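Written out below as structure tokens is the structure these notes cover.
Quick note: the coordinates plus some simple rules give every number you see, no bench work behind them. All values reported here derive from a predicted model rather than from experimental measurement. Because the Cβ atoms are built from the backbone with ideal geometry, glycine has one as well, and the counts that use them run over all protein chains shown.
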Amino acid sequence: MEKLLKFVMWVFGGFIVLALLGRALLYEQWIVPTSEEDPWMAASVAPTLAGGDMILMLTVGEAKAGDLVRCEDPDTPGAYVVGRIAGESGDTVEVRGPTLFLNGNRYDANEACTEPKVYVEHPDTGNEVELRCSRVEFGGTWHFRASRAVTGITDNHRHEVGANKVYLLSDNRTLHLDSRDFGTVDKSTCSGRISFRLWGKDGWTDGERRLDFIR
């Protein structure tokens, strides 16, 4: 029994050491600002993330189209923006309502989410806004997208991405904070690829937002 206990302790200790090394060498931990701290940030990351989420960002390797990244805010020193890379150097990006066109190729919803509706607090009014949740295939993988349930006249945005720049697009296409608002950003400032959520704003007890991979 004593040998078994020692073995378990060694295994557990080794796991802790590996986890700490991984965090130090590969990952950075970050908490997504809440709606009280940054209302537009909290709204724009829905439905993939939410304000208060404790996430891990992969800090090695190069970010590519389709990755959800954290970049330095081009307008506010010391602050960050979160978006999905929709275009890189030389690409032509066009956003028509919720739909992305990259170099003439259309990327739109394939199917609805398991929970087809998502509710987000409007950053300006604080009122609850009902959005439609859908799944989009892009960049060799898929991700969730939120958009207004009833579409009307939409603004179109077209941009030629310059050298060493990236075009960021919010997963929340309606209440967005992305390159439609602040332009492209230097790719070198996008130091973290968001890959894992440890837990949500309600902590470890929130089973629906705990220990899941982020696409």
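A compact table of results
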read-out	value
Separation of the Tyr119 and Asp212 label points, Cα + 7 Å toward Cβ, nm	1.8 nm
Principal-axis tilt of helix 2-25 within the chain, Cα atoms, nearest 10 degrees	30 degrees
Computed FRET value (nearest 0.05) for Asp75 with Ser195, which takes r as the C-beta separation and R₀ as 30 Å	0.70
Per-q log10 I(q)/I(0), the stretch 91-188, q = 0.12, 0.17, 0.20 Å⁻¹ (Debye; single scatterer per alpha-carbon; no solvent)	-0.41, -0.81, -1.08
Exposure proxy order (Cβ contacts within 10 Å, fewest to most) of Ser44, Ser188, Ser195, Ser147	Ser188, Ser195, Ser147, Ser44
Extension gain (nm, one decimal) between Thr92 and Glu62, 0.36 nm per residue minus Cα-Cα	8.8 nm
Exposed GluC sites (Glu not before Pro) absent - longest run of the chain, DSSP non-H/G/I/E/B, at most 15 other C-beta within 10 Å	63-215
Mean residue ellipticity (222 nm) of the chain, computed from DSSP H runs ≥ 4 via -39,500 (n - 2.57), nearest 500	-5000 deg cm²/dmol
Value of relative contact order over the chain, rounded to a whole percent, pairs C-alpha under 8 Å and six or more apart	25 percent
Modelled FRET efficiency - R0 35 Å, Glu36 with Ser188, Cβ distances, 0.05 increments	0.70
Whole-Å semi-axes of the stretch 29-213's equivalent ellipsoid (Cα gyration tensor)	23, 20, 16
Max mean-square fluctuation residue, GNM over the chain, Cα-Cα springs under 10 Å, options Phe144, Phe182, Phe196	Phe182
FRET E, pair Asn103, Trp204, Förster distance 30 Å, beta-carbon r, rounded to 0.05	0.10
